[in-house]
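Novice: Dumping the structure here so I can ask a few things about it.
What follows is calculated from the coordinates using simple rules that are stated; it is not laboratory data. Given the structure is predicted, the values throughout are model-derived calculations rather than measurements. Cβ: placed from backbone, ideal geometry, glycine included. Neighbour counts: every protein chain shown.
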Amino acid sequence: MTADVPPAPRPSYWVGTSWKMTKSFAEALRFTDHIRQGARPPAEVGMFVLPSFTLIQTVATALAGTGVRVGAQNAHWAPAGAFTGEVSVAMVAEAGAELVEVGHSERRASFGETDETVARKVAAVLGADLTPLVCVGEPASERDFGTAVEFVLRQVKIALSGVAPADLGRVLLAYEPVWAIGVEGTPATPEQVADMHAAIRGGLVERYGDYGWLPPLLYGGSVDRGNAAELLAQGNVDGLFVGRAAWDPDGFLALVDVAAGLAATARP
Ligand code: PGA
């Protein structure tokens with residue numbers, strides 16, 4: 001199978017952060033000021049920041065021209081309507097979002113996100129010409145039972161069920177095992193990441209053929225400066241999706257530097 005149009009050049013690595021429900025307006029501006037001063041946007045690293053809805057426009061304006069993309073942590077699949085408290089893809093796009101995160105495990109666990117709602121959101125995000133960042137990952141119980149791969153491949157399959165093969169390269173996938181995320185989390189080992197990323201890649205190739213332009217695979221879950229290089233060096237790891245370690249702008253830029261260094265030496 002071949003793409004209808006040649007794929008646009010892609011960064012060697014992606015490094016992005018979701019701020020989750022943190023940062024005031026002033027804190028967000030401190031972050032963006034620092035990035036503006038320290039920014040040496042390496043073309044080989046695709047950087048992104050996902051603030052809360054209320055900060056998207058501010059952050060997008062402040063980071064314009066730095067090469068850092070801005071996105072939302074969620075959006076509703078419907079274009080408009082009686083969905084009190086929800087925000088549409090068009091609304092986040094108008095605020096300056098280029099990406100929309102879909103299916104983070106915190107949303108699945110606490111806000112009723114399912115594989116089916118993830119699939120609807122992915123289609124809506126692509127329909128608006130934005131980039132969906134689809135999060136998948138197994139809970140500890142699935143790993144204990146030895147069914148982690150099956151669980152994650154099912155999540156991926158359903159999430160991408162409405163995506164035309166020609167659009168696959170417009171999707172970012174993040175493997176984030178639930179047990180690795182947050183203060184209670186333990187980072188996955190490089191071997192665990194390599195194995196799961198190989199399985200996801202294998203599942204995609206099996207389904208779509210060796211398409212040549214499959215979604216980049218990011219890893220997330222307790223990434224920090226200490227483990228970033230080793231995680232990125234694994235096969236089929238195309239980036240890092242980071243929480244706490246990138247909330248501080250120096251932490252974010254340090255991870256970008258790690259990726260840029262590896263891109264310069266290890267990636268074609
Ligand atoms: P963490 O969060 O890096 O703070 O573990 C990761 C995530 O939730 O994506």
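Novice: Over the chain, how many percent of alpha carbon pairs lie in each 5 Å bin up to the one with the longest distance?
Specialist: In whole percents, the pair-distance histogram is 1, 6, 14, 18, 21, 18, 13, 7, 2, 0, 0.
Novice: Would you give the gap between the C-alpha center of the stretch 232-268 and the C-alpha center of the stretch 52-106, rounded to a whole Å?
Specialist: What the calculation gives is 23 Å, centre to centre.
Novice: Let me ask something else. Taking the chain as a Gaussian network, where each spring joins two C-alpha atoms under 10 Å apart, which residue of 243, 202, 81 fluctuates the most?
Specialist: Top of the fluctuation ranking is 81.
Novice: Counting Lys and Arg as +1 and Asp and Glu as -1, each charge on the Cβ, what is the dipole of the chain about the Cα centre in debye, to the nearest 20?
Specialist: With Lys and Arg at +1 and Asp and Glu at -1, about 420 debye.
Novice: Go ahead and set up a Gaussian network model of the chain, Cα springs under 10 Å, then flag whichever of 227, 74, 236 fluctuates most.
Specialist: The residue with the greatest mean-square fluctuation here is 227.
Novice: Please state the charge dipole magnitude for the stretch 1-139, taken about the Cα centre, from unit charges on C-beta atoms (+1 on K and R, -1 on D and E), reported in debye and rounded to the nearest 20.
Specialist: For this selection, approximately 380 debye.
Novice: Let me check against my output: what whole-number percent is the relative contact order of the stretch 45-119, with C-alpha pairs under 8 Å and at least 6 apart?
Specialist: 29 percent
Novice: Right, another one. Per DSSP H run of n ≥ 4, the term is -39500 (n - 2.57); total these for the chain, divide by its residue number, and report the mean residue ellipticity at 222 nm rounded to 500 deg cm²/dmol.
Specialist: The helix contribution divided over the chain gives -12000 deg cm²/dmol.
Novice: Could you list 195, 238 in order of exposure, starting from the residue whose Cβ has the fewest other Cβ atoms within 10 Å?
Specialist: With the fewest neighbours first, 195, 238 line up as 195, 238.
Novice: Find the eigenvalues of the gyration tensor of the Cα atoms of the stretch 133-227, then list the square roots of 5 times those eigenvalues as equivalent ellipsoid semi-axes, largest first, in whole angstrom.
Specialist: Computed over the stretch 133-227, the values are 23, 14, 11 Å.
Novice: Among 137-145, 183-191, 116-124, how do they line up by average Cβ neighbours within 10 Å per residue, starting with the highest?
Specialist: Highest-to-lowest ranking by the protection proxy: 116-124, 137-145, 183-191.
Novice: When the distances between all Cα atoms of the stretch 1-146 are binned every 5 Å from zero, what whole-number percent does each bin get?
Specialist: 2, 9, 17, 20, 19, 15, 11, 6, 2, 0
Novice: Please enumerate, by chain and number, the lysines with C-alpha under 29 Å from the C-alpha of residue 157, excluding those fewer than 8 residues away in the same chain.
Specialist: 20, 121
Novice: Remind me, relative contact order of the chain in percent, using alpha carbon pairs under 8 angstrom and six or more residues apart?
Specialist: 21 percent
Novice: Also: Return a whole-number percent for the relative contact order of the stretch 122-268, with Cα pairs under 8 Å and 6 or more residues apart as the contact set.
Specialist: Once normalised by length, the contact order is 21 percent.
Novice: Right, here's the next one. Based only on the alpha carbon positions, what is the Kirkwood hydrodynamic radius of the stretch 178-243, in angstrom?
Specialist: About 12.4 Å for the stretch 178-243.
Novice: I've got another one for you. For the pair residue 111 and residue 250, how long in nm is the line joining their label points, each one 7 Å along Cα→Cβ?
Specialist: 3.2 nm
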